[in-house]
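Here's the structure, in structure tokens; my notes come after.
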Amino acid sequence: MADFNQNHFALFGLTPAFAIDAEALDRAYRELQAEIHPDRFAHAGEADQRLAVQWATRANEAYQALKHPFARACYLLTLQGIDAMAPGHAAMPMAFLERQMAGREALADAVAEADFDALDRLEKATRTEAEKLLGEVAESIDSRHDYAAAAEVLRQYRFLEKFLADLGHAYDEMA
């Protein structure tokens, strides 16, 4: 079996980067699971069974961390010694915060008026901004190797992710 100390990318034979080949990740994950799945060790000794469970858990955690862009960016920053979501990193650009406050007000108005069209516009604009921010994260990590900038943009992206979840709840409430 592979080395428990290797990073998530090495576990799947990938180069550490924000932009990854999702199909290669999926394929490597399936191959690794076929090799280490605990069912393959059902008739092995207790120590081998326990190790297989540990490896399967590690593979699942690594796969989830690399599969999702936000988690992958956080992990890449962690490899650089940066905890992007640490409580001490709460400062956001004022223009960004002002846009978010306006978005929250628009959300409250749309819910109060049961205006699905307004929610749709707000969701589309927020998704567009979130995609733009992910592009900036990718550029900062993969091209410029500016990890501090990537962390700052990633925090903004996380803010938008939470707002998109709130938009989803608003749809549910209005339905």
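The values are calculated or read from the model by the stated rules, or taken from the named source; none is laboratory data. Keep in mind that what you see is a predicted model, and the values were worked out from it rather than measured. Cβ: placed from backbone, ideal geometry, glycine included. Neighbour counts: every protein chain shown.
Here region 12-35 is the region considered, the condition is being among the hydrophobic types (A, V, I, L, M, F, W, C) and assigned to a helix (DSSP H, G or I), and the residue that is surrounded by the most Cβ atoms within 10 Å (Cβ to Cβ) is Leu32. The helices (runs of 4 or more DSSP H) found entirely in region 87-175 that carry 2 or more residues being under 21 Å from Leu66 (Cα atoms) and outside the structural domain of Thr15 (by TED's automatic domain parsing) are 116-138, 147-174. Every condition in (1) modelled with pLDDT under 95; (2) assigned to a helix (DSSP H, G or I) holds for Leu77 except the one numbered (1). Residues of region 36-47 that are assigned to a helix (DSSP H, G or I) and surrounded by 13 or more Cβ atoms within 10 Å (Cβ to Cβ): Ile36, Pro38, Arg40, Phe41. Against the list (1) under 22 Å from the mean Cα position of the chain (by Cα); (2) among the basic types (Lys, Arg); (3) over 22 Å from Leu14 (Cβ atoms), the condition Arg99 fails is (1).
Would you say Met174 is surrounded by fewer than 19 Cβ atoms within 10 Å (Cβ to Cβ), more than 15 Å from the chain's Cα centre (by Cα) and at pLDDT below 95?
Answer is yes for this residue.
Has region 49-59 got any residue that is surrounded by 12 or more Cβ atoms within 10 Å (Cβ to Cβ), part of a loop (DSSP other than H, G, I, E, B) and at negative phi? Within region 49-59, none of the residues are surrounded by 12 or more Cβ atoms within 10 Å (Cβ to Cβ), part of a loop (DSSP other than H, G, I, E, B) and at negative phi.
If you go through region 107-156 and pick out every residue that is buried (at least 20 other Cβ atoms within 10 Å of the Cβ), without any contact (Cβ under 8 Å) to a residue 24 or more places away in the chain and small (Gly, Ala, Ser), you end up with 1. For Tyr63, the criteria (1) closer than 27 Å to Ala24 by Cβ; (2) outside the structural domain of Tyr29 (by TED's automatic domain parsing) hold in every case but one, which is (2). Looking across region 133-169, just one residue is over 14 Å from the mean Cα position of the chain (by Cα) and basic (Lys, Arg), and that is Arg144. Say whether the condition of being on the phi < 0 side of the Ramachandran plot and touching a Pro at 6+ places or on another chain (Cβ under 7 Å) is met by at least one residue in region 111-121. Checked region 111-121: no residue is on the phi < 0 side of the Ramachandran plot and touching a Pro at 6+ places or on another chain (Cβ under 7 Å).
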